[in-house]
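Encoded as structure tokens, the structure appears first; notes follow it.
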Amino acid sequence: MQYRQLGRTDLEISRITFGCWAIGGWWWGTVDDSESIAAIRAAAEDGINFFDTADVYGGGRSETVLGKALEGIDNVYVATKGGVQFDENWATDKSNDPGYLKKACEASLKRLNREVIDLYQIHWPDEGKTPIDVAIEGLQELKEEGKIRYFGLSNFGESDLEVALDTARYESVQPKYNLLHREIEEDILPFCEDNEIGVLAYSPLASGLLTGKFTEDWEFEEGDHRKDHPDFTGEAFKKNLAIVEVLKEYAEKRECTIAQLAIAWTLANPAVTSAICGAKKDMQVDELVEAIDFPLKPKEIEEINAIVTSLS
Ligand SMILES: NC(=O)c1ccc[n+]([C@@H]2O[C@H](COP(=O)([O-])OP(=O)(O)OC[C@H]3O[C@@H](n4cnc5c(N)ncnc54)[C@H](OP(=O)(O)O)[C@@H]3O)[C@@H](O)[C@H]2O)c1
């Protein structure tokens, strides 16, 4: 495994982060907690020391499972997120009000069974309900109270990121970034590089699409959000599968899998600190971790980008 400093923190985090959304179950079909625990433990054995979850993933289940899986394992860091309120019917509502974030953070600490959260992130903008400077001041207070070590923002646009940085020093952003979704290259990535803010890139496999296992007639399980996801439906799905086919051939020539190629591509961007990869099983983790062994040369990145552009 390779490690990189997160922002200006003292955390040296693995370039592959274990993403704990799917193991929560909601939106990802059936999951088995014992398999999830085995996957997390395999990740730690493979040198992954950074685990990303959120309170809303599985309505708390993801945090609870992560807490159990990491029992007795030292020298790992836990990142979680708050700001999406949830109930047992999967209904959600966003709130970045500092009072709410404080309660959410305390509940996360209990579920994770930890004394301090290494990185606490606001999950989403809350549709203008809480000004970003007010929200981030709430995180600063949580840090001063010793509940969290560092804080970051997820899914915010550049203008909010700028205002937030004028208010308090945060250490990371968490945006979507993969071969099929490169929007953040325009503004977010340069902003983070200029300000030494860590980038935790999520969905490097485009929610599994870039593993190459899907076919046009794939039947997603009820409750799997990919059933209605724009990348997995209609003409976009057909186009994405065509891209995947060519990338698979490219990966074969390099003697790696397309999943490894996709992760290596995300990690090749110098602004990216770590790629947050989701996995439900230990076997999946083993494949993902090996992506570290396939760094891409600039010429290869150009060729891969040309493939995707020509078929998009
Ligand atoms: N901040 C946010 O708003 C946000 C949003 C999304 C994600 N995230 C974070 O980023 C993490 C990763 O994102 P993601 O889960 O959307 O997507 P991803 O990493 O692009 O894809 C993960 C999924 O791909 C499949 N997969 C993984 N390894 C595989 C392998 N070796 N072979 C076959 N299939 C494999 C698994 O699902 P199946 O086995 O079911 O196909 C897995 O759950 C999340 O867990 C979360 O921590 C954050």
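List of remarks:
- Within this structure, L101 fails the test of being within 12 Å of Y170 (Cα to Cα), within 16 Å of the ligand (Cβ to nearest atom) and surrounded by 21 or more Cβ atoms within 10 Å (Cβ to Cβ).
- The range 36-51: number of residues that are buried (at least 19 other Cβ atoms within 10 Å of the Cβ) and on the phi > 0 side of the Ramachandran plot: 0
- Residue in the range 273-299 that is farthest from the chain's Cα centre (by Cα), counting only those that are near the ligand (Cβ under 6 Å from one of its atoms) and of a type in the set (A, V, I, L, M, F, W, C): L288
- Selection from the range 219-244 of residues that are free of Cβ contacts under 8 Å to residues at least 12 places away in the same chain and over 17 Å from K176 (Cα atoms): E219, K227, D228, T233, G234, E235, A236
- Residue satisfying all of: in the range 15-31; over 24 Å from D228 (Cβ atoms) and more than 9 Å from the ligand (Cβ to nearest atom); surrounded by the fewest Cβ atoms within 10 Å (Cβ to Cβ) among these: R15
- Hits in the range 34-69 (condition: in contact with a Lys or Arg (Cβ under 8 Å, 6 or more places away or on another chain) and under 16 Å from N113 (Cβ atoms)): S36, I37, T53, D55, G60, E63, T64, G67, A69
- For the range 287-310, filtering for residues that are surrounded by fewer than 15 Cβ atoms within 10 Å (Cβ to Cβ) and either touching a helix residue (DSSP H, G or I) at 6+ places or on another chain (Cβ under 7 Å) or not in a helix (DSSP H, G or I) (or both) leaves 3.
- Hits in the range 104-131 - residues which are under 12 Å from T80 (Cβ atoms), buried (at least 18 other Cβ atoms within 10 Å of the Cβ) and out of contact with any helix residue (DSSP H, G or I) (no Cβ under 7 Å at 6 or more places or on another chain): A104, L109, D118, L119, Q121, H123
- Of all residues in the range 91-109, those that are of a type in the set (S, T, N, Q) have Cβ atoms under 6 Å from Cβ atoms of residues that are open to solvent by 40 Å² or more (accessible area, probe 1.4 Å), 6 or more apart or on another chain, in T92/F86; S95/Q85.
The values are calculated or read from the model by the stated rules, or taken from the named source; none is laboratory data. Everything numeric here is computed off the predicted structure, so don't read it as measured data. Positions of Cβ are backbone-derived with ideal geometry, glycine not excepted, and every protein chain shown enters the neighbour counts. Surface accessibility is based on the protein's heavy atoms, side chains included, excluding ligands, DNA and RNA. Shrake-Rupley method; radii C 1.70, N 1.55, O 1.52, S 1.80 Å.
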